[in-house]
Amino acid sequence: MSDDTPKGSGAEADSPRERMLNSATELFQRNGVAATALSDIVERSGAPRGSLYHYFPEGKSQIAAEATARAGRQLGAVVSLLTATHAPVETIRLMVGHFRQQLIDSDYTAGCPAAPGALEGGAGGSEARRAAGEAFTTWEATVSAAFWQRGLAAGEADALATLVISAIEGALVLGKAQQSARALDRVERALIAHVESLLPGAGPDTAIAIEG
């Protein structure tokens with residue numbers, strides 16, 4: 001699973017607004033929303049000083065909500081591609097492998113890009129929390145559909161998808177706190193064993209072929 005998730009294209013990708021969203025996502029991912037100053041976002045993005053409120057008139061609450069929703073869509077697109085082109089076990093390996101590498105490369109500071117929005121407190125964080133909730137729900141639905149297509153009953157597929165997403169998210173929190181990828185390694189092994197027990201033949205040799 002590559003970390004080269006889509007971030008727009010052409011002039012749009014290089015616009016001050018897009019650069020600020022990219023920078024906000026990266027800073028929130030490492031420091032959290034509350035600990036990230038708007039001036040940090042502007043400085044990191046290289047956008048003109050004073051331009052943030054032009055693009056985000058509601059300030060931090062707006063940029064947190066938009067960055068969270070955007071990160072959710074980007075990662076959701078990757079999860080959709082993985083579940084469509086890989087068997088469940090390989091999908092889990094690739095998802096965990098992506099986050100493991102991201103965690104290591106960031107010196108154990110970067111977690112899930114949608115998670116900071118979920119932790120945003122107060123009335124001003126309600127839109128960011130909603131965006132994070134929608135992202136998680138979409139990822140769950142995508143993974144659940146993949147399990148259902150492999151023969152699990154709808155309720156079992158839903159429960160297993162929630163287990164996969166919540167286990168990976170929790171392991172990322174532990175990884176940041178413990179400065180280690182150990183939790184992700186353990187979660188990967190446990191999830192794969194559980195999926196294989198419920199779906200015999202869910203390994204990479206049974207991946208779904210995508211017609212061109």
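The values are calculated or read from the model by the stated rules, or taken from the named source; none is laboratory data. Predicted model only: the values in this text are computed from it and were never measured. FYI the Cβ positions are ideal-geometry reconstructions off the backbone, even for glycines, and counts take in every protein chain you see.
A few points about this structure:
- Yes/no for Leu21 being part of a helix (DSSP H, G or I), in contact with a Lys or Arg (Cβ under 8 Å, 6 or more places away or on another chain) and either surrounded by 18 or more Cβ atoms within 10 Å (Cβ to Cβ) or modelled with pLDDT of 95 or more (or both): yes
- When the range 37-54 is limited to residues that are within 24 Å of the chain's Cα centre (by Cα) and not in a loop (DSSP other than H, G, I, E, B), the one that is nearest to Asp14 (Cα to Cα) turns out to be Ser45.
- Residue match in the range 52-73 (condition: surrounded by fewer than 21 Cβ atoms within 10 Å (Cβ to Cβ), at positive phi, in contact (Cβ under 8 Å) with a residue 12 or more places away in the chain and in contact with a helix residue (DSSP H, G or I) (Cβ under 9 Å, 6 or more places away or on another chain)): yes
- Restricted to the range 1-18, and to residues there that are surrounded by 12 or more Cβ atoms within 10 Å (Cβ to Cβ) and part of a helix (DSSP H, G or I), the residue that is modelled with the lowest pLDDT is Ala13.
- When each of Ala47, Ala24, Ala118 is tested for being within 19 Å of Ala177 (Cβ to Cβ) and without any contact (Cβ under 8 Å) to a residue 60 or more places away in the chain, the lone residue that passes is Ala118.
- Cβ pairs under 6 Å, 6+ apart, first in the range 132-152 and within 17 Å of Gly117 (Cα to Cα), second part of a loop (DSSP other than H, G, I, E, B): Ala132/Ala114; Ala135/Ala114
- Identification of helices (runs of 4 or more DSSP H) wholly contained in the range 68-159 with 1 or more residues that are more than 20 Å from Glu188 (Cα to Cα) and either within 10 Å of the chain's Cα centre (by Cα) or among the aromatic types (Phe, Trp, Tyr) (or both) yields 126-149.
- Ala202 meets all of the listed conditions (1) modelled with pLDDT under 95; (2) surrounded by fewer than 21 Cβ atoms within 10 Å (Cβ to Cβ); (3) among the aliphatic types (A, V, I, L, M) but one, namely (2).
- A single entry from Ala110, Ala67 fulfils the requirement of being hydrophobic (A, V, I, L, M, F, W, C) and in contact with a Ser or Thr (Cβ under 7 Å, 6 or more places away or on another chain): Ala67.
- Among the numbered conditions (1) at pLDDT below 95; (2) surrounded by 15 or more Cβ atoms within 10 Å (Cβ to Cβ), the only one that Val164 does not meet is (1).
- Residue within the range 78-91 that is free of Cβ contacts under 8 Å to residues at least 12 places away in the same chain, farther than 14 Å from Ala24 by Cα and in contact with an Asp or Glu (Cβ under 9 Å, 6 or more places away or on another chain) present: no
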